[in-house]
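Read-outs: derived from the displayed coordinates by stated rules, not from any lab. Being a predicted model, the structure only gives us computed values, none of them experimental. Positions of Cβ are generated from backbone atoms using ideal geometry, with glycine treated the same way; all protein chains shown enter the neighbour counts.
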Amino acid sequence: MPKEFEHINDARGFIVDKLSDDALLGRNGYMMRQALYIIDYDPRQQPYAADLIRAICSDDLPNRGVTPIEINLYDIVLQYLDDQDIWDALVEAEPETPREDLITMLQDTVGVKDVVAPAVNGAIAENPDADIAFITGVGETYPYIRTHTLLEEISSPIPVVVVFPGRFERRSDGSTALNILGLDQGSTGGYYRATRVFDL
């Protein structure tokens, strides 16, 4: 039965119980499929969600013998723009550039397939002792990073949990969608491989 919580803070115990389970972590010797999960929450609760994930990663899961890593998409984007000496030029151009053009520029510069996904996969590979990875910064990088596109590109030997400001919706026809920030993504938000943690 799906579990629903009015506030993300109320879900702390449930999330920790589910994500410290040996079977979910593949500690029974195998994972039957690539383990991709979503923790969705009301976007208005963003500050609470950020604090909650920090607490879960720094205290709760380590206390259960689980080693997590957090990978922040916004940090990846800023680091890449800085490394490429693009950040200052982008900041200068922002006031004069139409929003759609700025989004297109970011999509072309910080592509999911050639920049973001390799950075996520690399961060996981660089932490061989990690048992589970949390991906944050999803709201801050929308719409130039699309979550469903990123999930298609993730290749991880450990479970990956995307912390998602919006709703992971299961439609009446059996399809699913990642509706970020309360916005219906229509056919562009379709996704089929992830499991909502609250449905476990």
In terms of modelled amide H atoms, which long-range or inter-chain residues lie less than 5 Å from the amide H of GLU70?
PHE134
Given the chain, what percent of its DSSP beta bridges are antiparallel, to the nearest 5?
25 percent
HN-Hα J in Hz across the range 40-49 - Karplus 6.51, -1.76, 1.60, θ = phi - 60°, x for Gly and Pro
9, 7, 4, x, 5, 9, 3, x, 5, 4
Top mean-square fluctuation among VAL16, VAL138, VAL77, Gaussian network model of the chain, C-alpha springs under 10 Å?
VAL16
Of ALA125, MET105, VAL115, farthest towards positive along the dipole that unit charges on Lys, Arg, Asp, Glu beta carbons give the chain
ALA125
Sequence of ILE158, ILE53 once ranked by neighbouring C-beta atoms within 10 Å, starting from the fewest
ILE158, ILE53
Would you look at the GNM of the chain, springs on alpha carbons closer than 10 Å, and say which of ASP83, ASP42, ASP60 moves the most?
ASP83
